[in-house]
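Contents: one structure, followed by commentary.
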Amino acid sequence: MILIDNLTRQYGAATVVDRVSMQIERNSITVIVGTSGSGKSTLLRMINRLVEPTSGRVLIDGADTAREPAHLLRRRIGYAIQGNGLFPHRTVAENIATVPRLLGWEPARVQARVQQLLAVFQLDPAEFSGKFPHQLSGGQQQRVGVARALAAEPAVLLMDEPFGALDPIIRAKAQEDLLDIQRRFATTIVLVTHDMDEAFRLGNRVAVMSRGRLLQYDRPTILLMRPADPFVSQLTGLADRALRLLSLTSAGEAAEPGSSTGPAISASVSLRDALSELLWRNADSGQIIDADGAPRGQLTVAAILARARPA
Amino acid sequence: MIGTMLRLTALALLVTFLLTPQSFAPLFQPLTQYGAAPIYDQGSLLMLSLSQLGTVCCAVAASSSIAVTLGILVTRRGGEQFLPLSRTLVNIGQTLPPVAVLAIAVPLVGFGLRPTLIALFLYGLLPIFENTISGLRNCPPAVIEAARGMGMSANQSLFAVELPLAMPLILEGIRLSLVISVGTAAIGSTVGAKGLGEVIIAGLLSNNTAFILQGGLLTGLMAILMYDAMLALERRLLRNARID
């Protein structure tokens, strides 16, 4: 668990982060969103002390991060950035091995970890270990960047706009991968983005920042239904908030007992996609099926619409 | 391809000339007057060349270590305030003509090798210093940020990331210094340093165009081949370290 306590950063007269307090649960994805200049990156960089706070504290699992040398702290915290920052003179395997080597792991253990991570990120170790970053596509570079950040099995992973440089299709894939990785390694992830769709897709909780202040920090549904500030509702989008709300629930969660003669709908798709499918097929209801194709109940258009309103 | 052929020819020419200078005597004969010797005979051309090469390598090794260290220091946090001062000092080294440095140095350290080393050392600082600074400053910010974010200390980041990335430019600076110094070193003979300048001076004193040409040609060939050798070494060292 990360406890951010009254954290402030000033540059001269400008207050970039202003008395922010928040608690980040273990094994969750927290997304910090805001416009550029909102202080979201500075807040993130104060967690691993790439930026030193002017005042306030950060506690990770109860321990004050200011108590240990900054570079040692950073070896325990994964860090991935936009444009990935891979070392151009080192191979993919050497890049991933950076932090384990700094920590003095046995070569055999480093090697095994690199192989494991390459496999997890769908990069064939035989093919990619010896390649240099410039020989990879943008999406591959980004995956290596995240693999490198995860190499030393950190409990916390900080990501600063990690998908900002990717095109939409690769970005969607990278987001899916990140959700898988988070489930697999049970990492606590804090991610900064200016992309609201990304925040809603990834975040268990979303923190909205503006001009250095934390305006609201809550689950995405609460942000939509009870925005604490006009800026929050402006950022989350007024025009399509009903549809956004639908996108936060899966068809499986909303399924009702019974069966339908309508089109088959996968339990994993969002209600937004399910509604779109039913409208397209001109059906009143659909049959929900799980990943194995087994029936999991039915879903009516009326039931979906009922969920598109604030409770 | 043609370039490689030319270089190999130049190398063969240089080696043959140094090992068997007399075989070129008929070529230089027309340049002499009154039956003077066509090939320098007051010392071994091979020894003179090697001694000039040694002088240059010593001086450039010293320039490199000082200039690279200085370049690193002024690009560190806290060292930036020394950049204008360092730059001024290094620039003086380049602005003062080596001949002037020799003239100043002789009364201080005497005749021989030492004033030449001082002149070449000062003359070689600037290209290495400036290239070290550019190399270190041009490291991609995201890469440096990543190095810090991974938990590298300032020294680890310098030696594992920044210097390797700056290496192409640093080596280029050293190559420039080497080539300039090979040519300049000939002047050292005016104050008694062993080198091919001796041959040129002997030619000037005795009005022997053949000597002047030999000294000049050998110095030029050495500079060209040195340039190529450094280039090949750089390519070898940096085969993989590509920055995109």
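Observations on the structure shown:
- For A:M1, net neighbour charge (Lys/Arg +1, Asp/Glu -1) across residues whose Cβ lies under 13 Å away: -1
- Virtual paramagnetic centre 7 Å along Cα→Cβ of B:F111, amide N under 20 Å, in the range B:48-90: B:48-49, B:51-52, B:55
- Separation of the A:V301 and A:E127 label points, Cα + 7 Å toward Cβ, nm: 4.5 nm
- The protein assembly as shown: antiparallel DSSP beta bridges as a percent of all, rounded to 5: 50 percent
- Model label sites at B:L13 and A:L3, defined 7 Å from Cα along the beta-carbon direction, differ in position by 8.0 nm.
- FRET efficiency for A:L103 and B:L205, using Cβ-Cβ distance with R0 set to 60 Å, rounded to 0.05: 0.30
- DSSP bridge pairs, the range A:153-236: antiparallel proportion in percent, nearest 5: 50 percent
- Relative to the longest principal axis of the Cα atoms of chain A, the long axis of helix A:271-281 makes an angle of roughly 40 degrees.
- Acute angle (nearest 10 degrees) that the helix B:209-237 long axis makes with the longest principal axis of chain B, alpha-carbon atoms: 30 degrees
- Which of A:R19, A:R143 has the fewest Cβ neighbours within 10 Å, and the rest in rising order: A:R19, A:R143
- When chain A is treated as a Gaussian network with alpha carbon springs shorter than 10 Å, the biggest mean-square fluctuation among A:A199, A:A108, A:A119 belongs to A:A108.
- In this structure, the amide hydrogen of A:L215, modeled 1.01 Å from its nitrogen in the peptide plane, lies closer than 5 angstrom to those of A:V208, A:M209, A:S210, counting only residues at least 5 positions away or on a different chain.
- Taking every DSSP helix (H) stretch of at least 4 residues in chain A, weighting each as -39,500 (n - 2.57) and dividing the sum by the residue count yields a mean residue ellipticity at 222 nm of -10500 deg cm²/dmol.
- Ratio of the Cα radius of gyration of the protein assembly as shown to 2.2 N^0.38 Å, where N counts its residues: 1.42
- Helix A:168-185 vs. chain A, principal-axis angle (Cα, 0 to 90°, nearest 10): 70 degrees
Every read-out reported here was derived from the displayed coordinates using simple, explicitly stated rules and does not represent laboratory data. If you're wondering where the values come from, they're calculated on a predicted model, not measured in any experiment. For neighbour counting, all protein chains shown are included, and Cβ atoms are generated from backbone atoms with ideal geometry for every residue, glycine included.
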